Amino acid sequence: MDTLLHSPSSMAKRPCPSQNPRIPNLNQLDRDQLLDTFLEFSDSPPFAIDLSFERLLESRSCDADQTKLIDRALQLGSVLLEAAKRSARKRASKHNSLTWALPPDLTIKVFSMLDTQSLCYAAATCSMFNKCAMDPSCYANIDLTTVVPKVNNAVVSTMIHRAGKALQSLKLGVVPGPTTPLGSCQPLVYTIRNSVDVSNFSWNDKRSRQGKESSVLTRSCLSPLGGNSGAPGTLLRRLHLYNIERMDNTSLCGALVACPFLLDLEIVGLHVELRQTLQSVSANCHLIERLFFESSKTGRDDSLKSPTCVDLMTDCPHLTSLALRGFKLHDYKVRILLKGLRKLKYVDFSTSYSITGAFLRNLGSNTGGNLLEVLILRDCMHLKMVEAARLMTAVLAGDFKFLKHLDISNREGLASENDWYHRCYSTGTIPIRRVLEERPNLCLLAEFPPEGSYADIDQMFDSEPYSDISLPSASQMSSPSSDGSMFVSFSESSYNSDHGSGNEDARDAGYVIYDESSDEVDYVAV
């Protein structure tokens, strides 16, 4: 008997419930009834539920069982919370679908008219709006420009993939503050390190977040345009890029290869070379109509060559608007462009170095310049007073018949005939008032310092590099002032440049400039 009492088989311990869990076999009806009963406890006082849960824990003698019970309670609470949220969204969406007056197709049409940020807000409203906002047509015109860096490559990629083949316009980068009125002086070129009043933003913080998501676009931000066999970029018509500091020539040219039907290209503040960019445009964007390119380093890019000008003239004959701002250009290269691009109506060479104005001689009466409606030469360092006077005389003689806006303003005055160091301006030499009287529909901007107030040349070189010019775009110039006007102002800012116009240098090999005659001064290929 004692042997039997002390037998191991008769003294087996009761297994821990955690080792043999009981899995209730409930059908759908039982589960629903059990959940309904469980939810009725929500009306009970919180302390009563706390006491009940504590007693339930104490009934578990095994520590593992108590831990598992707590985990299951947390899991069940989380599952119930998510289920309640989903049900609430479904009910709200159903309510919206019943009360929203527009059918889905018209809702998508409305959403396609929103800017990108407003579209994202609408998509987060409810599931019905989210579904409508996912339509590719809503992302046909993507505008992700910001005043401070807020957008990274992942956001750009998501937006482009949502658009797919419907993508028509893409704007990226950092732009200055609100657009300033006509005649103001604020740069389009923008440097993050010199940004104004940026709350909770530090460039050093952004640069230190290596290996993490950042808000700075990199050179690969345009890579999605070439994804899916180039589908997203195939029908792209407009591409505007602003102050993307990490963009390089290789990445930009790769993006242009994927955009063969591009009509409007705007590049501001990118560290890319003018010559390589124009070569890529000539090779890939034969239908382009508007090209706006502002240098990130005023007056330092001297890469443009005459063959590049000829290629652009030959391969992009549909150009009607051309802006090359802040580059070191020479008169004979500029003349090649203006003579060859016969549909040009808008020209902007503001803040460009080396241009003296000689390219304008006999231009307005011949094919290639007579269709100009807007001509902007604001703050061109080497623009000569004698050339400005010749231009005014040509306008009075009936040339440039379609010209509606002309800007020859210069904050330091114009260069003299023989020495650009000597800054000058004479109302007797340039017949501005007479032009205004005889061409009342011409909006003429001629901002010069008052006579005798010109800065000394040493002060000009000691001053900060000038980069605070903001000019109207081609769209702003489409409705010029009907009552021609002249602005005269004084500016204390100055230039920082090289010590010559650059036109004294030898021309590109294979090109020759003919001596001036009474009929024409031209630059042609040998």
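The values are calculated or read from the model by the stated rules, or taken from the named source; none is laboratory data. The structure displayed is predicted, hence computed values, not measured ones. Every residue, glycine among them, receives a Cβ derived from its backbone with ideal geometry; neighbour counts consider all protein chains shown. SASA here: full protein model, heavy atoms, side chains in, ligands and nucleic acids out. Shrake-Rupley method; radii C 1.70, N 1.55, O 1.52, S 1.80 Å.
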Problem - Cα-based Rg and Dmax for the range 48-130, where Dmax is the largest Cα-Cα distance (Å) - result: 22.2, 65
Practice task
Describe numerically, in nm with one decimal, the distance between label points set 7 Å from Cα along Cα→Cβ at Ser220 and at Lys85.
Solution key: 3.1 nm
Problem - Accessible area of Lys85 in the full protein assembly, 1.4 Å probe (Å², nearest 10) - result: 90 Å²
Exercise for the section: Report in % the part of the accessible area of the range 300-380 that belongs to carbon and sulfur, leaving out ligands and nucleic acids; probe 1.4 Å. Expected result: 45 percent
Exercise for the section: Figure the gain on full extension for His271 and Thr125 (residue separation times 0.36 nm, minus the Cα-Cα span) and round it to one decimal in nm. Expected result: 48.6 nm
Practice task
Please provide three numbers in whole Å: the alpha-carbon extents of the range 24-166 along the principal axes, with the largest listed first.
Solution key: 64, 38, 30
Handout entry: Full-extension gain in nm, Lys150 to Gln33, via 0.36 nm per residue minus C-alpha separation
Key = 37.1 nm
Exercise for the section: Would you mind pulling out the separation of the Cα centroids of the range 282-342 and the range 25-81, in Å? Expected result: 74 Å
Problem - Per residue value of the accessible surface for the range 47-170 (all protein chains in place, 1.4 Å probe), Å² - result: 64 Å²
Handout entry: Which listed pairs, of Lys333/Lys404; Lys150/Lys305; Lys109/Lys171, have C-alpha distances above 27 Å, in listed order
Key = Lys150/Lys305
Practice task
Quickly rank 47-57, 269-279, 143-153 as a protection proxy: mean count of other C-beta atoms within 10 Å, highest first.
Solution key: 269-279, 143-153, 47-57
Handout entry: Segment Cys62-Val110, extension gain: residue separation times 0.36 nm, minus the distance between their alpha carbons
Key = 11.1 nm
Problem - the range 321-386, Rg to Rh (Cα coordinates; Rh as Kirkwood inverse mean 1/r) - result: 0.92
